[in-house]
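Notes follow once the structure below has been shown.
The values are calculated or read from the model by the stated rules, or taken from the named source; none is laboratory data. Note that the structure is predicted; figures quoted are calculated from it, not measured. Cβ coordinates were reconstructed from backbone atoms using ideal geometry, including for glycine residues, and neighbour counts include every protein chain displayed.
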Amino acid sequence: MNFRAFAARFALVVSCSLMATTPAMAQFWQCAPYARTISGIEIHGNANTWWSQAAGHYARGHAPKVGAVLAFSSTGRMRLGHVAMVSEVVSDREVLLTHANWSRRGGIERNVRAVDVSEAGDWSMVKVWYGPNGGLGTSSYPTKGFIYSDRAADNDSVDTDTQQPLARMTLASLSMSDEISF
């Protein structure tokens, strides 16, 4: 056997073994199953159906809370909508989101910046950090609001229907029984 044949066989064996040992976490994620997994909100179906499905099952509102899911509306570029979990509330107009399938097909992004750019300050229009641009970019996206789970951090001073000042909250503020795995 010559060196070229040996090298080709060696490369084939190595690539086959790497494919067999690919970790389970290296999977392709859609936004809805990923949001369901990390938030505990048991809604199934496309992201554009989450807001209506949540009615009567989960509290909904327009104030961000850690652990809540932000439901994006359908658009021409985003026909099936989008959902993303709030991982940190930075201010009343800025949060960090954890979500899948946004900047990179099937990829997961943790703690990316999202800013409320709505005129009323009601989170009905947002800009979201986009990896290839390395920033918020110029696109704004319409949203329906936040869906709150049992895991959403409690903040009794926040009215979910009107935008009130928010205290800075993080995932660390959740109790051990409210642990969210990434």
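Here are a few things to note about the model shown:
- Counting only helices (runs of 4 or more DSSP H) that sit completely within region 1-77, those holding 1 or more residues that are more than 27 Å from the chain's Cα centre (by Cα) and either at pLDDT 70 or above or surrounded by fewer than 20 Cβ atoms within 10 Å (Cβ to Cβ) (or both) correspond to 3-20.
- Condition met for R168 (at pLDDT below 95 and of a type in the set (K, R)): yes
- Answer residue from region 133-154, given it is buried (at least 18 other Cβ atoms within 10 Å of the Cβ) and assigned to a loop (DSSP other than H, G, I, E, B) and is modelled with the highest pLDDT among those: S149
- In this structure, S74 does satisfy being polar (S, T, N, Q) and in contact with a Gly (Cβ under 7 Å, 6 or more places away or on another chain).
- Region 102-117: number of residues that are closer than 16 Å to V69 by Cβ and free of Cβ contacts under 8 Å to residues at least 40 places away in the same chain: 4
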